[in-house]
Amino acid sequence: MGQNIKLQVSPLQVIRTVNDKLMSYNVEFTEVTGGTFWKAYTPEQIAGTEKFNVGGATDIAGAMASLMQVYPPIDLYSEKLRKLASEFGPVWVRVSGTWATKTYYDFEGTGVTPEGYQNRLTKEQWIGVLDFVKAINAKLLISVANCEGLHKADEPWNPSQVEKIFALTKEYGATIDAVEFTNEPNMLDITGFPPGYTAENYVRDEDLFHRWVRDNYPDTLIVGPCNTGGAMGDAEKQEEFAGGGIELLTGNNATCDDLMRGAKEPLDVYSYHYYNGISERLEMVMPTMHWSPDKVLTESYLNVAPLNCKLNIPYRDKYCPGGEMWVTESGDAGGGGDTWASTYVDVFRTLNELGTFATLTDGVIFHNTLASSDYGFLKHGTFDPRPNYFAVLLWNRIMGTTVYDTKEEIREGAHVFAHSRRDGKDGVAYLIINNSETEATTVELPKAAEVYKLHADTKRATVMKLNGKELVLGENNEVPEMAPVVMEGTLTLEPATIAFVVM
């Protein structure tokens with residue numbers, strides 16, 4: 001039986017006001033310097049007509065050659081990229097990733113990557129990042145080097161590298177608005193740390209880094225600890241739903257408490273990473289963390305994002321009381337995204353995450369990524385928009401920062417969220433998600449409303465429709481007009497359909 005929803009215009013109880021940059025994204029450090037990243041799926045794999053495999057490998061080490069490829073640096077001066085990024089309005093841009101932990105800042109132009117580092121960032125590449133951030137009116141979050149090239153595990157971290165990137169940024173007239181010390185530090189063996197690095201070493205060094213930032217750049221926000229893990233994967237495959245995730249790739253893991261216990265420098269913002277599961281690329285080593293495609297509209301699947309948020313709130317309250325909570329990497333699946341990450345069906349997960357997160361806390365969600373791998377808003381290389389791009393573009397244009405209580409229990413066919421209007425006018429902006437694949441949802445409208453209905457020909461469609469019109473770029477890469485239809489009385493949301501409703 002389909003769901004029936006009665007919308008209200010007033011009075012609605014205010015839950016909170018959220019960050020106007022709630023929807024933000026990552027640009028991977030490996031994109032900036034060029035380097036290895038996840039190899040793209042084939043069109044047939046994306047469509048679900050060809051099964052993904054790792055070429056007969058039986059372990060992750062043997063599979064990596066077929067899972068990864070080397071990419072050149074991203075063109076951050078691309079007119080198309082900047083145009084599409086600017087459409088979002090002001091956002092946060094995070095330039096980080098495991099690559100950042102092992103990158104040497106070669107701003108002198110030596111052309112040499114010193115021993116103990118894996119990668120090299122040139123002055124021109126970093127200025128490209130600063131120019132991009134300025135061009136789209138964004139704020140910048142980074143993480144920094146902390147590898148064997150900088151110091152040994154038993155030696156304290158030193159600022160010789162971080163001084164360079166902050167100084168160049170300041171000299172260029174730009175700012176680093178926020179920093180995370182290290183990307184995913186809980187995975188002690190594979191995140192890029194010096195050999196033998198321990199959680200105690202990390203606590204020592206994060207304090208040194210945070211104190212250095214506060215002494216020299218006091219306006220820069222301190223964000224952390226940037227852990228990954230938590231609830232991930234199909235609950236029916238695990239004894240404990242919150243039993244872990246991608247961190248299980250390594251046996252030497254630290255908890256949030258391990259990385260924060262005894263730290264003297266407080267955080268300004270609490271951060272963590274969330275992925276809904278593990279992609280087909282890593283299913284062979286973590287089969288319990290991978291979801292089958294027939295479950296991606298289920299309640300258990302869509303509940304992973306809010307569950308992670310709820311699991312992290314007590315840690316935020318413990319280590320950053322009163323602070324915002326940032327999801328500094330978010331996406332469909334660890335390992336570059338599932339085969340369906342670039343299709344219409346992932347829009348349900350993305351918009352549901354934004355809606356549920358805003359009801360639970362204030363903060364920012366950094367989608368991974370803007371334009372790399374299968375979970376990017378834009379296709380790597382061509383920068384063609386995927387369904388998620390248009391979905392979050394509508395979110396940023398429609399949903400304001402005041403969050404209301406809809407009094408609607410989240411259930412199959414009725415994920416309902418209400419915000420103020422982004423245009424500042426009186427009224428309410430609703431997001432309604434019908435995740436049922438078999439039943440329509442009926443929405444009773446109390447007055448004339450502007451309706452933006454999102455749908456597609458199939459769940460795995462690479463082109464999404466708005467009120468029957470395909471969302472594709474026009475001439476000169478113009479974003480198509482995304483106009484609503486005015487409706488009164490009753491709105492019907494067919495199975496697997498989403499609508500923004502503005503009154």
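The values are calculated or read from the model by the stated rules, or taken from the named source; none is laboratory data. Values in this document were obtained by computation on a predicted structure and should not be read as measured data. Neighbour counts run over all protein chains shown; Cβ positions are idealised from the backbone, glycine included.
At a glance:
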{"quantity": "Subset of region 264-281 [among the aliphatic types (A, V, I, L, M), surrounded by fewer than 24 Cβ atoms within 10 Å (Cβ to Cβ) and in contact with a His (Cβ under 9 Å, 6 or more places away or on another chain)]", "calculated": "Leu267"}
{"quantity": "Some residue of region 91-107 being free of Cβ contacts under 8 Å to residues at least 60 places away in the same chain, surrounded by fewer than 17 Cβ atoms within 10 Å (Cβ to Cβ) and not small (Gly, Ala, Ser)", "calculated": "no"}
{"quantity": "Some residue of region 415-422 being free of Cβ contacts under 8 Å to residues at least 40 places away in the same chain, out of contact with any Pro (no Cβ under 9 Å at 6 or more places or on another chain), in a strand (DSSP E or B) and under 30 Å from Pro43 (Cβ atoms)", "calculated": "no"}
{"quantity": "Hits in region 423-461 - residues which are among the small types (Gly, Ala, Ser), under 21 Å from Met399 (Cβ atoms), surrounded by fewer than 20 Cβ atoms within 10 Å (Cβ to Cβ) and touching a residue at least 60 places away in the same chain (Cβ under 8 Å)", "calculated": "Gly427"}
{"quantity": "Count of residues meeting criterion [among the hydrophobic types (A, V, I, L, M, F, W, C) and at positive phi] in region 254-292", "calculated": "0"}
{"quantity": "Failed condition for Thr343, given (1) outside any loop (DSSP other than H, G, I, E, B); (2) closer than 22 Å to Leu81 by Cα", "calculated": "(1)"}
{"quantity": "Among (1) of a type in the set (S, T, N, Q); (2) in a strand (DSSP E or B); (3) under 19 Å from Ala449 (Cα atoms), the one test that Thr401 misses", "calculated": "(3)"}
{"quantity": "Conditions (1) touching a helix residue (DSSP H, G or I) at 6+ places or on another chain (Cβ under 7 Å); (2) among the acidic types (Asp, Glu); (3) part of a strand (DSSP E or B); number of the one not met by Asp338", "calculated": "(3)"}
{"quantity": "Pair list, Cβ under 6 Å, 6 or more apart: region 113-129 residue over 11 Å from Pro73 (Cβ atoms), other residue acidic (Asp, Glu)", "calculated": "Gly116/Glu148; Arg120/Asp106"}
{"quantity": "Count - residues of region 312-330 that are of a type in the set (Gly, Ala, Ser), in contact with a Lys or Arg (Cβ under 9 Å, 6 or more places away or on another chain) and surrounded by 24 or more Cβ atoms within 10 Å (Cβ to Cβ)", "calculated": "0"}
{"quantity": "Selected residue (criterion: nearest to Tyr389 (Cα to Cα)) from residues of region 32-72 that are assigned to a helix (DSSP H, G or I), modelled with pLDDT of 85 or more and of a type in the set (Val, Ile, Thr)", "calculated": "Ile46"}
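Table: residues versus (1) basic (Lys, Arg); (2) at pLDDT below 95; (3) over 19 Å from His415 (Cα atoms); (4) not assigned by TED's automatic domain parsing to the domain that holds Leu393.
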site: Lys453; (1), (2), (3), (4): yes, no, no, yes
site: Gly468; (1), (2), (3), (4): no, no, yes, yes
site: Val479; (1), (2), (3), (4): no, no, yes, yes
site: Met487; (1), (2), (3), (4): no, no, yes, yes
site: Glu494; (1), (2), (3), (4): no, no, no, yes
